[in-house]
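Okay, so here's the structure we're looking at.
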Amino acid sequence: MKFSRSGSGTALRWTAAWMLMAALAWSASPARADSGSAQAQGNKEAVGKAFAAWAAGGQTFFDDMLAPDVVWTIKGSSPTARVLRGKQELIDGAVTPLSTRLQRQIRPTIRNLWADGDHVIIEWDGEAVAKDGKPYRNSYLWIFRMQGGRATQVTAYLDLAPYDDVLRRVPASQ
(Lines give C-alpha, C1' and ligand atoms only; values in the text may rest on other atoms or scores of the structure.)
Protein backbone atom coordinates (compact mmCIF):
# COMPACT_ATOMS: atom_id res chain seq x y z
CA MET A 1 0.00 0.00 0.00
CA LYS A 2 1.41 3.37 -0.98
CA PHE A 3 0.91 6.39 1.29
CA SER A 4 1.02 9.99 0.20
CA ARG A 5 1.97 13.00 2.31
CA SER A 6 -1.67 14.04 2.57
CA GLY A 7 -4.72 12.28 3.92
CA SER A 8 -5.60 10.39 7.03
CA GLY A 9 -3.29 7.46 6.26
CA THR A 10 -0.38 9.80 6.84
CA ALA A 11 -1.78 10.78 10.23
CA LEU A 12 -1.88 7.11 11.23
CA ARG A 13 1.72 6.62 10.11
CA TRP A 14 2.87 9.69 12.08
CA THR A 15 0.96 8.48 15.14
CA ALA A 16 2.54 5.05 14.79
CA ALA A 17 6.01 6.56 14.43
CA TRP A 18 5.58 8.75 17.53
CA MET A 19 4.16 5.84 19.55
CA LEU A 20 7.08 3.64 18.54
CA MET A 21 9.63 6.32 19.40
CA ALA A 22 8.00 6.86 22.80
CA ALA A 23 7.89 3.12 23.47
CA LEU A 24 11.54 2.70 22.50
CA ALA A 25 12.62 5.66 24.63
CA TRP A 26 10.63 4.30 27.58
CA SER A 27 12.05 0.79 27.21
CA ALA A 28 15.62 2.13 26.90
CA SER A 29 15.49 3.96 30.24
CA PRO A 30 17.74 2.50 32.96
CA ALA A 31 14.74 1.62 35.11
CA ARG A 32 13.36 -0.46 32.21
CA ALA A 33 16.64 -2.14 31.21
CA ASP A 34 15.32 -5.56 32.30
CA SER A 35 11.73 -5.25 31.12
CA GLY A 36 10.89 -8.95 31.20
CA SER A 37 12.09 -10.11 27.81
CA ALA A 38 10.56 -13.56 28.31
CA GLN A 39 7.23 -11.95 29.16
CA ALA A 40 7.49 -9.64 26.14
CA GLN A 41 8.38 -12.53 23.84
CA GLY A 42 5.45 -14.62 25.10
CA ASN A 43 3.04 -11.71 24.65
CA LYS A 44 4.38 -10.98 21.17
CA GLU A 45 3.99 -14.64 20.19
CA ALA A 46 0.41 -14.76 21.52
CA VAL A 47 -0.63 -11.71 19.50
CA GLY A 48 1.23 -12.89 16.39
CA LYS A 49 -0.37 -16.35 16.62
CA ALA A 50 -3.87 -14.89 17.02
CA PHE A 51 -3.37 -12.59 14.02
CA ALA A 52 -2.01 -15.48 11.93
CA ALA A 53 -5.09 -17.55 12.73
CA TRP A 54 -7.32 -14.59 11.82
CA ALA A 55 -5.45 -14.06 8.53
CA ALA A 56 -5.94 -17.76 7.72
CA GLY A 57 -9.71 -17.33 8.03
CA GLY A 58 -10.17 -17.95 11.75
CA GLN A 59 -13.14 -16.26 13.37
CA THR A 60 -12.19 -16.39 17.05
CA PHE A 61 -9.63 -13.56 17.27
CA PHE A 62 -11.55 -11.45 19.79
CA ASP A 63 -12.46 -14.49 21.91
CA ASP A 64 -8.87 -15.74 21.83
CA MET A 65 -7.14 -12.41 22.49
CA LEU A 66 -9.32 -10.36 24.79
CA ALA A 67 -10.02 -10.60 28.50
CA PRO A 68 -13.78 -10.50 29.17
CA ASP A 69 -13.42 -7.14 30.94
CA VAL A 70 -11.12 -5.55 28.34
CA VAL A 71 -11.15 -1.77 28.07
CA TRP A 72 -10.93 -0.91 24.35
CA THR A 73 -10.28 2.73 23.44
CA ILE A 74 -10.84 3.83 19.85
CA LYS A 75 -8.90 7.06 19.30
CA GLY A 76 -10.13 9.74 16.95
CA SER A 77 -12.61 12.54 16.51
CA SER A 78 -15.62 10.79 14.97
CA PRO A 79 -18.61 9.57 17.02
CA THR A 80 -17.25 6.03 16.66
CA ALA A 81 -14.16 7.03 18.67
CA ARG A 82 -14.93 6.07 22.25
CA VAL A 83 -14.15 3.76 25.14
CA LEU A 84 -15.83 0.36 25.15
CA ARG A 85 -15.83 -1.62 28.40
CA GLY A 86 -15.92 -5.39 28.13
CA LYS A 87 -15.52 -7.75 25.22
CA GLN A 88 -19.27 -7.92 24.56
CA GLU A 89 -19.62 -4.13 24.41
CA LEU A 90 -16.74 -4.04 21.90
CA ILE A 91 -18.32 -6.78 19.77
CA ASP A 92 -21.78 -5.19 19.87
CA GLY A 93 -20.62 -1.58 19.52
CA ALA A 94 -17.76 -1.73 17.02
CA VAL A 95 -17.10 -5.19 15.52
CA THR A 96 -20.63 -6.28 14.58
CA PRO A 97 -21.72 -2.94 13.06
CA LEU A 98 -18.84 -3.20 10.57
CA SER A 99 -18.77 -6.97 10.02
CA THR A 100 -22.49 -7.17 9.15
CA ARG A 101 -21.84 -4.73 6.30
CA LEU A 102 -18.99 -6.76 4.77
CA GLN A 103 -19.17 -9.67 2.32
CA ARG A 104 -16.46 -11.45 4.33
CA GLN A 105 -14.43 -10.68 7.41
CA ILE A 106 -11.46 -8.36 7.32
CA ARG A 107 -8.19 -10.11 6.48
CA PRO A 108 -5.27 -8.65 8.42
CA THR A 109 -1.72 -8.23 7.15
CA ILE A 110 0.84 -7.51 9.86
CA ARG A 111 3.29 -4.73 9.01
CA ASN A 112 5.14 -4.49 12.34
CA LEU A 113 4.92 -6.17 15.73
CA TRP A 114 6.76 -5.00 18.84
CA ALA A 115 6.65 -6.03 22.49
CA ASP A 116 8.02 -4.74 25.76
CA GLY A 117 7.00 -6.37 29.03
CA ASP A 118 3.21 -6.47 29.17
CA HIS A 119 2.71 -4.23 26.09
CA VAL A 120 2.43 -5.35 22.47
CA ILE A 121 2.14 -2.87 19.60
CA ILE A 122 0.91 -4.16 16.25
CA GLU A 123 0.68 -2.20 13.01
CA TRP A 124 -1.49 -3.91 10.45
CA ASP A 125 -3.53 -3.37 7.31
CA GLY A 126 -7.00 -4.81 6.81
CA GLU A 127 -8.93 -5.49 3.64
CA ALA A 128 -12.45 -6.66 2.89
CA VAL A 129 -15.27 -5.95 0.45
CA ALA A 130 -18.43 -4.24 1.63
CA LYS A 131 -21.80 -5.72 0.72
CA ASP A 132 -22.24 -2.96 -1.87
CA GLY A 133 -19.18 -4.32 -3.72
CA LYS A 134 -16.82 -1.49 -2.79
CA PRO A 135 -13.50 -2.29 -1.10
CA TYR A 136 -12.86 -1.58 2.57
CA ARG A 137 -9.22 -0.90 3.34
CA ASN A 138 -7.77 0.50 6.52
CA SER A 139 -4.51 0.71 8.44
CA TYR A 140 -4.46 0.08 12.15
CA LEU A 141 -2.14 0.46 15.11
CA TRP A 142 -3.28 -1.42 18.22
CA ILE A 143 -1.52 -1.23 21.56
CA PHE A 144 -2.31 -4.18 23.82
CA ARG A 145 -1.66 -4.35 27.55
CA MET A 146 -1.44 -8.07 28.26
CA GLN A 147 -2.13 -10.11 31.35
CA GLY A 148 -2.25 -13.90 31.41
CA GLY A 149 -1.98 -14.16 27.62
CA ARG A 150 -4.97 -11.86 26.95
CA ALA A 151 -5.38 -8.15 26.33
CA THR A 152 -6.89 -6.27 29.27
CA GLN A 153 -6.51 -2.82 27.69
CA VAL A 154 -6.32 -1.90 24.02
CA THR A 155 -5.81 1.48 22.41
CA ALA A 156 -6.81 1.36 18.75
CA TYR A 157 -5.71 3.88 16.13
CA LEU A 158 -7.28 3.64 12.67
CA ASP A 159 -8.60 5.85 9.94
CA LEU A 160 -12.20 6.28 11.06
CA ALA A 161 -13.31 7.82 7.73
CA PRO A 162 -13.45 4.48 5.82
CA TYR A 163 -15.00 2.73 8.84
CA ASP A 164 -17.69 5.41 9.22
CA ASP A 165 -18.25 5.46 5.44
CA VAL A 166 -19.16 1.76 5.41
CA LEU A 167 -21.51 2.26 8.38
CA ARG A 168 -23.27 5.15 6.57
CA ARG A 169 -23.53 3.69 3.10
CA VAL A 170 -24.25 -0.02 3.65
CA PRO A 171 -27.37 -1.15 5.52
CA ALA A 172 -26.73 -3.48 8.46
CA SER A 173 -27.65 -7.13 7.88
CA GLN A 174 -29.69 -8.99 10.42
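The values are calculated or read from the model by the stated rules, or taken from the named source; none is laboratory data. What you see is a predicted model, and the numbers here were worked out from it, not measured in a lab. Positions of Cβ are backbone-derived with ideal geometry, glycine not excepted, and every protein chain shown enters the neighbour counts. Just the protein is used for accessible areas: all its heavy atoms, side chains included, with ligands, DNA and RNA removed. Shrake-Rupley method; radii C 1.70, N 1.55, O 1.52, S 1.80 Å.
Ala52 passes every criterion in (1) touching a helix residue (DSSP H, G or I) at 6+ places or on another chain (Cβ under 8 Å); (2) of a type in the set (A, V, I, L, M, F, W, C); (3) modelled with pLDDT of 95 or more; (4) open to solvent by 40 Å² or more (accessible area, probe 1.4 Å) apart from (1). Might you check whether a residue that is polar (S, T, N, Q) and farther than 22 Å from Ala56 by Cβ occurs anywhere in segment 138-146? So far as segment 138-146 goes, no, none of its residues is polar (S, T, N, Q) and farther than 22 Å from Ala56 by Cβ. The requirement of being surrounded by fewer than 16 Cβ atoms within 10 Å (Cβ to Cβ) and hydroxyl-bearing (Ser, Thr, Tyr) is fulfilled somewhere in segment 86-102, by at least one residue.
Table: residues versus (1) part of a loop (DSSP other than H, G, I, E, B); (2) at pLDDT below 95; (3) open to solvent by 40 Å² or more (accessible area, probe 1.4 Å); (4) not β-branched (Val, Ile, Thr).
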position	(1), (2), (3), (4)
Gln105	yes, yes, yes, yes
Pro108	no, no, no, yes
Asp125	no, no, no, yes
Val129	no, no, yes, no
Asp132	yes, no, yes, yes
Tyr136	no, no, no, yes
Ala161	no, no, yes, yes
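For Trp142, the conditions (1) touching a residue at least 24 places away in the same chain (Cβ under 8 Å); (2) under 24 Å from Glu89 (Cβ atoms) are fulfilled apart from (1).
If a residue must be surrounded by fewer than 16 Cβ atoms within 10 Å (Cβ to Cβ) and of a type in the set (Val, Ile, Thr), how many such residues does segment 110-123 contain? Quick ask: steps written out before the conclusion?
Keep residues of segment 110-123 that are surrounded by fewer than 16 Cβ atoms within 10 Å (Cβ to Cβ), which gives 110-113.
Within this subset, residues satisfying the condition of being of a type in the set (Val, Ile, Thr) are 110.
Matching residues across segment 110-123 total 1.
Would you say Asp165 is open to solvent by 10 Å² or more (accessible area, probe 1.4 Å), within 14 Å of Met65 (Cα to Cα), charged (D, E, K, R) and over 14 Å from the mean Cα position of the chain (by Cα)?
Numbers: open to solvent by 10 Å² or more (accessible area, probe 1.4 Å): yes; within 14 Å of Met65 (Cα to Cα): no; charged (D, E, K, R): yes; over 14 Å from the mean Cα position of the chain (by Cα): yes.
When the stated conditions are applied, Asp165 does not pass them.
For segment 68-91, residues that are free of Cβ contacts under 8 Å to residues at least 24 places away in the same chain and β-branched (Val, Ile, Thr) total 1.
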